[in-house]
Amino acid sequence: MLSATELYALTPLLKGILWVEVIVYLGIGVYEILDDFRVKPQSWMTLGSTPNSYLMIKEKVGHKMHGGLCFLLGFIALNGLIEGAVTRFELELCFVSLALLMMTIWMTLMPGRLGLTVILTKPEFWLQILMFGCFLPLIQPWVVGLCLGLNLWGILVNVLHTRRQVLTPFAYQTLRRDAIEAGLGERELRSFDTLAGHKPE
């Protein structure tokens with residue numbers, strides 16, 4: 001384990017991971033923080049003749065929170081690349097940030113092939129595996145426990161809440177029906193169907 005003040009020089013693998021975090025997460029973070037005048041209300045936000053302000057604000061809060069977390073993860077990575085080394089705390093922040101992103105993905109995991117596709121195409125899934133496999137000995141044990149706990153909490157919520165109360169019965173047909181009812185656009189629906197391997201009748 002690194003000490004609180006010790007620097008860890010970047011290895012080629014860690015440098016590659018940090019570059020991915022800068023490109024993906026800093027890019028997403030900057031875009032989502034600054035996209036206020038570009039984003040238009042989603043179709044499901046319109047309950048009457050005009051978009052519902054409450055739904056728009058609720059959506060913006062979640063959107064900006066996601067952008068903020070991505071920006072923080074990308075910023076940490078960029079700082080490490082500039083310095084050529086990272087501290088234990090910076091590594092731990094990377095671990096925790098990835099665990100928080102994965103926790104949310106586990107919680108909202110969709111049924112069938114669609115859920116598997118989402119998991120396998122998320123950079124945080126693969127980055128977390130690499131971080132755990134290669135850099136676990138460098139961080140404090142309680143931070144390891146925290147990251148595992150966040151992942152397990154996400155899975156637990158999916159099994160005991162999402163599948164029983166949010167998306168029930170837990171099947172793609174349920175999600176598709178609700179997406180149509182919420183006003184999901186035809187283009188987005190076709191993308192969902194393709195990823196889920198669903199062929200509309």
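Contact map, region 170-181: residues that are under 14 Å from Met45 (Cα atoms) and without any contact (Cβ under 8 Å) to a residue 12 or more places away in the chain paired with residues that are in a helix (DSSP H, G or I) and of a type in the set (A, V, I, L, M, F, W, C), Cβ distance under 7 Å, separation 6+ or inter-chain. Pairs shown: Ile180/Leu189. Filtering region 28-49 to residues that are among the acidic types (Asp, Glu) and assigned to a loop (DSSP other than H, G, I, E, B) leaves Asp35, Asp36. Between Leu91, Leu55, the distinction of being free of Cβ contacts under 8 Å to residues at least 24 places away in the same chain, among the aliphatic types (A, V, I, L, M) and touching a helix residue (DSSP H, G or I) at 6+ places or on another chain (Cβ under 7 Å) belongs to Leu55 only. Contact map, region 137-165: residues that are at negative phi paired with residues that are among the charged types (D, E, K, R), Cβ distance under 6 Å, separation 6+ or inter-chain. Pairs shown: Ile139/Glu92; Val143/Glu92. Those residues that are touching a helix residue (DSSP H, G or I) at 6+ places or on another chain (Cβ under 8 Å) and surrounded by fewer than 17 Cβ atoms within 10 Å (Cβ to Cβ), I need them from region 110-124; list them, please. Passing the criteria: Gly112, Arg113, Thr117, Val118, Ile119, Lys122, Pro123.
Test Gly149 against the criterion of being surrounded by 12 or more Cβ atoms within 10 Å (Cβ to Cβ), out of contact with any helix residue (DSSP H, G or I) (no Cβ under 6 Å at 6 or more places or on another chain) and at pLDDT 85 or above, and give yes or no. Answer is yes for this residue.
For region 129-152, does any single residue satisfy the condition of being under 30 Å from Glu188 (Cβ atoms) and outside any helix (DSSP H, G or I)? Checked region 129-152: no residue is under 30 Å from Glu188 (Cβ atoms) and outside any helix (DSSP H, G or I). For region 122-136, residues that are in contact (Cβ under 8 Å) with a residue 60 or more places away in the chain and within 23 Å of Ser3 (Cα to Cα) total 4.
Name the residues in region 56-89 that are under 20 Å from Trp142 (Cβ atoms), over 18 Å from the mean Cα position of the chain (by Cα) and surrounded by 18 or more Cβ atoms within 10 Å (Cβ to Cβ), would you?
Filtering region 56-89 for residues under 20 Å from Trp142 (Cβ atoms) gives 76, 86-89.
After this cut, where a residue has to be over 18 Å from the mean Cα position of the chain (by Cα) as well, the list is 86-89.
If the condition is that a residue be under 20 Å from Trp142 (Cβ atoms), over 18 Å from the mean Cα position of the chain (by Cα) and surrounded by 18 or more Cβ atoms within 10 Å (Cβ to Cβ), then Val86, Thr87, Arg88 are the ones that fit.
Every residue, every condition in (1) of a type outside the set (Ser, Thr, Tyr); (2) outside any helix (DSSP H, G or I); (3) touching a Phe, Trp or Tyr at 6+ places or on another chain (Cβ under 6 Å); (4) under 25 Å from Tyr8 (Cα atoms), yes or no:
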residue: Cys70; (1), (2), (3), (4): yes, no, yes, yes
residue: Phe75; (1), (2), (3), (4): yes, no, no, yes
residue: Ile82; (1), (2), (3), (4): yes, no, no, yes
residue: Phe89; (1), (2), (3), (4): yes, no, no, yes
residue: Val96; (1), (2), (3), (4): yes, no, no, yes
residue: Leu100; (1), (2), (3), (4): yes, no, no, yes
residue: Met110; (1), (2), (3), (4): yes, yes, no, no
residue: Arg113; (1), (2), (3), (4): yes, no, no, no
residue: Leu116; (1), (2), (3), (4): yes, no, no, no
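For region 166-190, the tally of residues that are at negative phi and part of a loop (DSSP other than H, G, I, E, B) stands at 8.
The values are calculated or read from the model by the stated rules, or taken from the named source; none is laboratory data. As the structure is a prediction and not an experimental result, all values here were calculated from the model. In this analysis, Cβ positions are derived from the backbone assuming ideal geometry, glycine residues included, and neighbour counts consider all displayed protein chains.
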